Amino acid sequence: MPGPTRGFLGRRGDRDPRLPPGQYDVGGDWPVLTAEPTPRIAPETWSITVDGAVESPTSWTWDEAHRLPPSEYRGDIHCVTTWSKFDTRFGGVSVDTLLEAARPTADAHFVMATSRTGYTTNLSLEDVTGGKAWVVWEFDGKPLPVEHGGPVRLLVPHLYFWKSAKWISRLTLMNRDQPGFWEQNGYHDRGDPWRQQRYQGD
Ligand SMILES: Nc1nc2c(c(=O)[nH]1)N[C@H]1C(S)=C(S)[C@@H](COP(=O)(O)O)O[C@H]1N2
Ligand SMILES: [Mo]
């Protein structure tokens, strides 16, 4: 009797299906998690560079990045410390747009994201292409606050949020995978919240 069974399982009080395993809804809050001192970066001095295993290493200033086709993310974010936040809205540019200009070589399969502060995190090329990753400067239609990575951060919302490097300044294409900051300190190489890939070995 699939009908009644589905009805019972779908009752109020059940877990929100948007919550990955082991996560809770943090509500309106947006916790700040930063390993290093918060840098003050004036938009006029910010730039992003895509380099490494690419045909055309390319940099964009703040003004140049804002002239690229805009792209928005609406949806949820998930931190490895177990909070999730629903219905966020970020604005910026798709990582696809940057990579189309820089043209990764055929043997480029990984990316190291580097922040102005030196924070790093590694990603597979697959996880930052196909409309899954953004470089963002707006949250909820307003400039991204500095404590959340303003003026510009990486956003890879289908992975745990440590992959979303704040104060992003560089995406370096690589032929081989290399661990970033948290990945060297025991975090999982990929960090898929739906598979609870929190730590090495998960
Ligand atoms: N540069 C930098 N980016 C970072 C971090 C950091 O310490 N430094 N922390 C990561 C972690 S662990 C998380 S959960 C999110 C936190 O983003 P928020 O402070 O905007 O919530 O940023 C990620 N990006
Ligand atoms: Mo985190």
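The values are calculated or read from the model by the stated rules, or taken from the named source; none is laboratory data. Since the model is a prediction, treat every value here as computed from it, not as a measurement. As a convention, Cβ positions derive from the backbone with ideal geometry for all residues, glycine included, and neighbour counts pool all protein chains shown. To get the accessible areas, we keep the full protein, side chains included, count just its heavy atoms, and leave off ligands, DNA and RNA. Shrake-Rupley method; radii C 1.70, N 1.55, O 1.52, S 1.80 Å.
Suppose all protein chains stay in the model; what accessible area per residue would a 1.4 Å probe give for the stretch 42-195, in Å²?
Values: 6450 Å² over 154 residues.
Accessible area per residue: 42 Å².
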field: Accessible-area composition of the stretch 42-195, carbon plus sulfur, in percent [1.4 Å probe]
entry: 50
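Provide LYS142, LYS132, LYS163, LYS85 ordered by accessible surface of protein heavy atoms (probe 1.4 Å), highest first.
Result of the area sort, largest leading: LYS142, LYS132, LYS85, LYS163.
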message: As an exercise, take the mean of 1/r over every pair of distinct alpha carbons in the stretch 26-100, invert it, and state the Kirkwood radius in angstroms.
response: 15.2
query: If you add up the charges near HIS188, with Lys and Arg at +1 and Asp and Glu at -1, over every other residue whose beta carbon is less than 14 angstrom from its beta carbon, what do you get?
result: -2
field: lysines whose Cα lies under 20 Å from that of LYS132, excluding same-chain neighbours fewer than 8 positions away
entry: LYS85, LYS163, LYS166
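Report, in deg cm²/dmol and to the nearest 500, the calculated mean residue ellipticity at 222 nm for the chain, where each DSSP H run with n ≥ 4 adds -39500 (n - 2.57) and the sum is divided by the residue count. It would help to have the intermediate numbers written out before the result.
Values: 5 runs with 29 residues, N = 202.
Helices in the chain give a 222 nm mean residue ellipticity of -3000 deg cm²/dmol.
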task: May I ask which residue of THR82, ASN185, THR38 lies farthest towards the positive end of the charge dipole of the chain, with charges of +1 (Lys, Arg) and -1 (Asp, Glu) on Cβ and the Cα centre as origin?
output: THR82
- prompt: Given the C-alpha centroids of the stretch 16-63 and the stretch 170-202, what is the distance between them in whole angstrom?
  reply: 16
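Using the crude model of +1 on Lys and Arg Cβ and -1 on Asp and Glu Cβ, and no other charge, please compute the dipole size for the chain relative to its Cα centre, in debye to 20.
Numbers: 22 positive and 26 negative charges, 114 e Å.
Its charge dipole is roughly 540 debye.
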field: GLU44, GLU55, ranked by accessible area, largest first (probe 1.4 Å)
entry: GLU44, GLU55
field: Rg and Dmax [Cα atoms of the stretch 74-115; Å; Rg one decimal, Dmax integer]
entry: 14.5, 37
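To one decimal place, what Kirkwood hydrodynamic radius in Å is obtained for the chain from all pairs of distinct Cα atoms?
Details: mean 1/r = 0.0565 Å⁻¹.
So the Kirkwood estimate lands at 17.7 Å.
Quick check: with the 1.4 Å probe, what order do PHE161, PHE181, PHE110, PHE90 take by accessible area, largest first?
Details: PHE161 20, PHE181 75, PHE110 50, PHE90 0 Å².
Descending accessible area places them as PHE181, PHE110, PHE161, PHE90.
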